[in-house]
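The values are calculated or read from the model by the stated rules, or taken from the named source; none is laboratory data. Quick caveat, the model's predicted, so the values are computed rather than measured. Methodologically, a virtual Cβ is constructed for each residue, glycine included, from the backbone with ideal geometry; neighbour enumeration extends over all protein chains shown. Just so you know, the surface numbers come from the protein's heavy atoms only, side chains and all, with ligands and any DNA or RNA stripped out. Shrake-Rupley method; radii C 1.70, N 1.55, O 1.52, S 1.80 Å.
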Amino acid sequence: MSAPAYCNVALPVPLRSLFTYSIPDHLRESIRPGTRVQVPFRKKSLIGVVIDLPTTAPQDTKIRDITKSIDHTPALTPKLIELGQWIANYYLAPVGEVFRAMLPPPTEIRTQRLIAITSAGRDAAASLSGGELTHGLSRNESDFLANLSAKKEPVPYSAAAKFKIDPTVIDRLRKQNLIEIRESLLGRKPKTQRVVAWKSQRSDNAQAEPPAPLDEKAARVRDQLIERGPLPLPHVLKLAGVSRAIIDRMLRSNLLESWEERIDPTDDPFDSGYEAPAHELNADQESAFTAIKTRFELGEFGVLLLHGVTGSGKTEVYMRAVQETLARGKTAIVLVPEIALTLWVGRQCRAWFGARFEGVAVLHSALSDVERAREWWRVRNGEARVVVGTRSAVFAPLENLGLIIVDEEQESSYKQEETPRYHGRDVAIMRAKFENAIALLGSATPSLETFSNARSGKYELLTLPSRVANRSMASVEIIDMREDFQRTHQAGPISTALHDGITECLKQGTQALVLINRRGYSWSVMCRSCGASVQCANCSISMTYHKARNRLECHYCGSIQSVPKVCPKCQSKYVYFFGEGSEHLEERLRKEFPGARIARLDRDTARTKRQYQETLGAFAGGAIDILVGTQMLAKGHDFQRVTVVGVISADSSLHLPDFRAAERTFQLLTQVAGRAGRGGLPGRVLIQTYYPEHYAIQDAVRQDYQSFFEREMHFRRMMQYPPFTSLANVIIRDSNLEKAIRYSRLLSEYFAPNDGKTLRVLGPATAPLARLKTEHRFQFLLKSPRRSVLTKLLSGALPYADSKEVPQTAILVDMDPLNLL
């Protein structure tokens, strides 16, 4: 059968189509689906990915040649190509943009082609050892396979020449599945560090004699390593207060072991609040893990929801599930909502599977392009069996996938707010379906859609109703700021009760966490004379005042203005800074608690992961008494000495024009309440609000998810919002207002005849953010109880818009939106 002469290529352009190219004769053996290629496009050259190999080319179209092949091994597996096509169809995204999100960064990394023998190749080599030629092989080819079988490692591609094996023969052997071609990364080796562990913890000899008594310094080393697990050598010396000679002596005495461990480029080896895993499950955890093992035994796709209260030990169950996956010869992906949490999960993996286990790869945007590409190809070459990362790690090119874990599945950070607008959780479920794997979702406050699926039986529900070690939940109190103002006649951000709680906390030598979900010093700058606020020049939003930088910033487009001394509109000198942000709160706390060690953690103070980890590490180590921050503090952190948590302006998100406002408020308050009382000390949570009667706040105080679920589902059912309907948000945008209005009217003409029983069309209307990054915005909200109706309508809307000369870039389609602003 002749090699295909054409291929369809997905290019990173905002167009919803593939492009056909011809394959030159010298490339026909190397081009396969999933291979990246360089092609001419208009007057420039682009890198795309081959999706399929058609037998014929489109008629009456000039077909251009591929310039060159980028990969020897296809970058994408067939299952990932199938997943990418599903994303493009479901989210109505340009197919090239989808595959660009799935591929490694287009950076130059030096590689070496290697030839590795497969299990079928080893069997063939064994059958050839008697001298009889089979499989249609020549004597040279037989000798080559025997040589490969005798090697423990893959051999360089050039080694084939010694056996007079040319590239066409190599390609034939590859197609026969006797060998495979791999890409090995060249260049500077990854950084390593010397790690030390307490050896008796890892001993498999149950009859070992009791160790000899240790002197005081050696005992300090032992206690630190038993409590914290394996640690980098410099930190062992610092924590135990000993010299290198003590460590060397304990190594010679076989009390310790040490090795060189690979360092994540963004890793802080002394991470915040790390506690070695217990490796023991309580009854609830054991029950959940048994259900997961049962699903593995069935050998079929399934979705499980692990619903456990904060501090219930969901991570222990995750690690057992990963361990079970690896034991079955399969691979696993662990998704987390924040970059910083990848470090935590990586440490858990090393503690569970052995600190020398190098089969964990980390994928997230804080890595440089080169490091991310290296990790990506490490996964593609089968060198890593577990991938930990944020949203985009769902595309990790693992083969033989058995498990995908989505921790804190309700988090909005799993939803991409740029094209392609996919939801990482839903894509994880679909990938598990394509790979016949298990999807394990975990949360203390699951999204209503997920919990509704679990209640209906679509997902299997596993519950962890109590904290580990019988620790009590933190007590939660509501502070009515209306009453506090009547008593004190002061409108500051810190109530009397919160002030007293922090004072008591400082007396006891414990720590406090204060959360305010606003960055900057003040929300906006207003004129007391005319009431005008200083607006962003590019967006219809007020500028935020940042005192330390002495400037106004837009948190949407990043534009900067100087602080006005007079009102820009009426020239009045009575300019007023309205509302408190995290910077203002930090300043206020420093004034009220001058002797306390206070730090702030938000995007202004932690612009890099290193700064983030330094602050969290200092807080976990007891070097900070009060930590102020935004919602990033509410997720996943395990601070053992936090006894007081204060929440400022807990009701601020309730006033947003979004049907998910109550759900987000409940989730945030419940998650942040879970940061208190996680160690042996009792916790106290103080929630400040002007709207204490709202059911989201009341249920969060009681940590009562079931009650909130029932109330919110009643509201969603009455108003026909998800999970009772499918939703699509369509934004029409253009820098010219008249064009944006005209495009909206044209699209309205297409939608209007379909507005009926099976579909509800709301709009067009001015979007809540009427102008964003210089573009005017109008909005359609489409509802239907059947998702297929929405997909069919929107699939037809895009060609209709093309026929009316509406640019594709003017239409933004967001299926299953999380943000309606």
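Details
- Taking all pairs of distinct alpha-carbon atoms in the stretch 134-176, Kirkwood radius in angstrom: 10.7
- Cα-Cα separations in the stretch 480-579 greater than 15 Å, expressed as whole percent: 70
- Using θ = phi - 60° in the Karplus curve 6.51 cos²θ - 1.76 cosθ + 1.60, the 3J(HN,Hα) couplings for the stretch 437-445 round to 10, 9, 10, 10, 9, x, 5, 7, 9 Hz; x is entered for Gly and Pro.
- Taken over the alpha carbons of the stretch 315-435 as equal point scatterers, the Debye sum produces base-10 log I(q)/I(0) values at 0.15 Å⁻¹ of -0.62.
- Note on the stretch 748-820: Rg/Rh from C-alpha atoms, Kirkwood Rh, equals 0.95.
- 55 Å tail of the calculated P(r), the chain, as % of Cα pairs: 16
- With the biggest extent put first, the Cα atoms of the stretch 678-723 measure 44, 25, 13 Å across the principal axes.
- For the stretch 1-133, the relative contact order comes to 27 percent (Cα pairs under 8 Å, sequence separation of at least 6).
- Computed on the Cα atoms alone, the convex hull of the stretch 33-111 gives a volume of 125 cubic angstrom per residue.
- Estimated [θ] at 222 nm from DSSP helical runs (n ≥ 4, -39500 (n - 2.57)) normalised by residues in the chain, nearest 500: -10000 deg cm²/dmol
- Residue 519 long-range amide H proximity, modeled H, under 5 Å: 582
- By the beta carbon rule, with partners counted only under 4.7 Å, the chain holds these lone Cys residues: 7, 349, 505, 557.
- Farthest toward positive dipole pole in the chain [+1 Lys/Arg, -1 Asp/Glu at C-beta], among 629, 281, 778: 778
- Heavy-atom accessible area order for 374, 675, largest first, 1.4 Å probe: 374, 675
- When only alpha carbons are used to place a centre, the stretch 745-821 and the stretch 452-516 end up 40 Å from one another.
- Carbon plus sulfur fraction of accessible area for the stretch 750-821, probe 1.4 Å, in percent: 52
- With coordinates expressed along the principal axes, the C-alpha atoms belonging to the stretch 622-742 extend over 62, 36, 26 Å, beginning with the largest.
- Which of 300, 435, 418 is most accessible, then next, and so on - probe 1.4 Å: 418, 300, 435
- Three semi-axes describe the equivalent ellipsoid of the stretch 700-742; taken as square roots of 5 times the Cα gyration tensor eigenvalues and ordered largest first, they are 38, 13, 7 Å.
- In the chain, the DSSP beta bridges split such that about 55 percent are antiparallel, to the nearest 5.
- Exposure ranking of 412, 788, 726 by accessible area [1.4 Å probe, largest first]: 788, 412, 726
- With the biggest extent put first, the Cα atoms of the stretch 540-699 measure 58, 37, 30 Å across the principal axes.
- The share of accessible area on the stretch 1-122 that comes from carbon and sulfur is 51 percent, using a 1.4 angstrom probe.
- Alpha carbon convex hull of the stretch 277-319, projected area averaged over orientations, nm²: 3.2
- Using θ = phi - 60° in the Karplus curve 6.51 cos²θ - 1.76 cosθ + 1.60, the 3J(HN,Hα) couplings for the stretch 62-73 round to 6, 9, 9, 7, 5, 7, 6, 9, 8, 10, 7, 9 Hz; x is entered for Gly and Pro.
- Rounded to whole Hz, the Karplus (6.51, -1.76, 1.60) HN-Hα couplings of the stretch 535-547, x for glycine and proline: 9, 5, 6, 9, 10, 8, 8, 6, 6, 9, 8, 10, 5
- Solvent exposure of the chain, expressed per residue, is 45 Å² of accessible area, with all protein chains present and a 1.4 angstrom probe.
- Per-selection Kirkwood Rh - the stretch 356-509 (Cα, Å, 1 d.p.): 19.7
- In summary, the aspartates and glutamates within cross-link reach of residue 739, defined as a Cα separation below 16 angstrom excluding same-chain residues under 8 places away, comprise 749, 775, 802, 805.
- Distant-in-sequence amide contacts of residue 6, defined by a placed amide H-H separation under 5 Å and a gap of 5 or more residues or a different chain, comprise 23.
- 27 Å Cα-Cα threshold exceeded, pairs from 79/293; 415/757; 330/433; 415/458; 293/458; 547/591: 415/757
- Residue 489 accessible area, assembled protein chains, probe 1.4 Å, Å²: 140
- Residue 566 - accessible surface, heavy atoms, 1.4 Å probe, Å² rounded to 10: 60
- Rounded percent of accessible protein surface that carbon and sulfur make up, the stretch 281-385, 1.4 Å probe: 47
- Legend: Rg and Dmax of the stretch 694-766, from Cα coordinates, 18.1, 51 Å.
- The chain - percent relative contact order, Cα under 8 Å, separation 6 or more: 10
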